[in-house]
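Colleague: After the structure tokens below, expect a handful of questions from me.
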Amino acid sequence: MGEHGRRVRPQRLSEEAWSPYGWLPVADTDPKDGVHRLEFEWADPHVNVIGHTLAEVPHTPGALRCEALFRHDTHTQSIMPIDHPCVIAVAPPGTDFVAVPSTDPIEVFVIEPLESIVLHRGTWHWGPYPTRTEAVRLFNVQGLRYAEDNAMVDLAALGLCIDVDREGETVTEEPTPVLFGAASIADGYDTHLASQLFAPWAQVLVEKVGIVAGSRVLDVASGTGEVARAAARAAGPSGRVTASDISGPMLAVSAEKVRGPDSAPIEFLESSVTDLASPDSSYDVVVCQQGLQFFPDKAAAVAQMYRVLVPGGVVGIAVWSDAHPLLFDTVRTALLDAGVQEPTPGAFDNRRFTMGASELTQLVETAGFRHVVANTCELDARWASPDEAMRIVEGTPHATLLGSLSVEDQGRVRAALRARLAGDLDGAVVVPTAATIVVARR
């Protein structure tokens, strides 16, 4: 490491932390939408897909080394990783590293796939570079003549560097940022899937775990809060519910929902499931609907659920059954019918949405739970019309891909989906769904 170097663990994006360097795009329904504008002094905005690889930067044990920073003074730049998590090092515009040779102004952030950032004009930056894969593909908006406006500071020549910690980077622990982290997806999920699909299943899960008045309940991977609100109704005013999710946009949608007067208060906790920010033995019930199958470290997630439960407490976990047809297969088929290609290998592989009953049971038993009972339940999801049902893609991880297509191609996808979701006699679309629900005690 350089004489004035330091090792840095990347931090997650937040509006406040990112504000010195740019801004984070928000949903079109957010009042802050339009507060910031892209700027191109040379009137040369350009959109393309770029990529960065690990081979582009020096390595040290467990880290990537940042030895240079770049900036564009004539334009803002927007970046969104498409396929893998990555890291970016930044420093505020106007930082003079020659006058004051120090790495103190440099911060490092994790950017999840489908999360987008905007860099202010003049923001120093390095990357984004992948940390756990060989390469990352990036949707990029910047000035076409950026090469003519690409100032560089050679940190190494000043005796400076930053070692970006790869081991401490924890971005792929959970699915929510990867699959449902974008604000636009959170809104689409809430509008086109929550009440039609997830709310009915939430009621089933809450009934299975037997939440009673006064219960303290943790909802893991809470999303837009269908399970949390069902649990709050069951727990009543004397109970307490915590809605935990790693996705801020999902929790923001959930927080806007109105609770009934006879419901428990709901606390919102933005937290990793493998490092839950809750004390030991602090809940009577832990529930997780359609989240566990996406966690790369499922065993660690279930262990955390065990830790925060009181002795004798109940856990209830629901996952889509791998032995039944999956609603999201219809979305995948419609994309293929419309001629849409996978943006990356495996992007349309829906096996990640399901788990087998035996795998789920074994995970729960290995964590130390007792009296483990697994049941596969079936439920019909219902949309009022084919026109409403065909918009379910807007609440899936494919929403960003759909938005990147031309208007004509988007129309073809929706038409293909509509054709596969025929309505019944009253025009409604009814889709059979099946989930495995495991209930156990600590």
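We did not get these values from a lab; they are worked out from the coordinates using the rules stated. These numbers come from a predicted model, not from an experiment. Virtual Cβ from ideal backbone geometry, glycine too; neighbours counted across all protein chains shown.
Colleague: Rounded if a/c is under 1.5, else prolate if a/b is larger than b/c, else oblate: which is segment 75-175, with a ≥ b ≥ c the root eigenvalues of its Cα gyration tensor?
Modeller: Oblate is the answer for segment 75-175, as a/c is 1.5 or above yet b/c matches or exceeds a/b.
Colleague: Hey, another quick one. Taking the Cβ of residue 139 as the center, what net charge do the other residues with Cβ under 15 Å away carry, scoring Lys and Arg +1 and Asp and Glu -1?
Modeller: -2
Colleague: Separate question: What ranking of 115, 67, 342 emerges when the number of other C-beta atoms within 10 Å of each C-beta is taken as an exposure proxy, fewest first?
Modeller: 342, 67, 115
Colleague: Now for a different question. At a 10 angstrom cut-off on C-beta neighbours, averaged per residue, how do the peptides 284-297, 95-108 rank from highest to lowest?
Modeller: Per-residue Cβ counts within 10 Å, averaged per peptide and sorted highest first, yield 284-297, 95-108.
Colleague: In whole angstrom, how far apart do the alpha carbon centroids of segment 280-298 and segment 314-346 sit?
Modeller: 22
Colleague: Still on this structure: Within a Cβ distance under 10 Å of residue 151, other residues only, what is the Lys/Arg minus Asp/Glu net charge?
Modeller: Once all neighbours under 10 Å are counted, the net charge is -1.
Colleague: Net charge near residue 218, counting Lys/Arg +1 and Asp/Glu -1 over other residues with Cβ under 13 Å of its Cβ?
Modeller: -1
Colleague: Which trypsin sites (Lys or Arg not before Pro) in segment 21-84 pass both tests, a DSSP loop state and at most 15 other beta-carbon atoms within 10 Å?
Modeller: 32, 37
Colleague: If you scale each eigenvalue of the Cα gyration tensor by 5 and take the root, what three semi-axes come out for the chain, rounded to whole angstrom and sorted largest first?
Modeller: Equivalent ellipsoid of the chain: 40, 27, 19 Å, largest first.
Colleague: Based on other C-beta atoms within 10 Å, arrange 78, 222 from fewest to most.
Modeller: So the ranking, lowest neighbour count to highest, is 78, 222.
Colleague: Any chance you could check the Cα centroid distance between segment 387-410 and segment 59-83 for me, in angstrom?
Modeller: 30
Colleague: For segment 10-49, which chymotrypsin sites (Phe, Trp or Tyr not before Pro) are in a loop by DSSP, counting at most 16 other Cβ atoms within 10 Å?
Modeller: Hits after loop and neighbour filter: 42.
Colleague: Still on this structure, please answer the following. Counting other Cβ atoms within 10 Å, keep those with at most 15, restrict to DSSP loop, and tell me which trypsin sites (Lys or Arg not before Pro) in segment 280-367 are left.
Modeller: Qualifying residues, ordered by number: none.
Colleague: So, one more: Determine, for 120, 36, 398, the number of other Cβ atoms within 10 Å of each Cβ, and report the residues in order from fewest to most.
Modeller: Ordered by Cβ neighbours within 10 Å, fewest first: 36, 120, 398.
Colleague: Using a/c under 1.5 as the rounded threshold, could you call segment 208-292 rounded, prolate or oblate? The axes a ≥ b ≥ c are square roots of the C-alpha gyration tensor eigenvalues, and prolate needs a/b larger than b/c, oblate otherwise.
Modeller: It is oblate, given that a/c is not under 1.5 and a/b is not larger than b/c.
Colleague: When the helix-only estimate is applied to the chain (DSSP H runs of n ≥ 4, each -39,500 (n - 2.57), divided by the residue count), what is the mean residue ellipticity at 222 nm, nearest 500 deg cm²/dmol?
Modeller: It comes out at -6500 deg cm²/dmol, rounded to the nearest 500.
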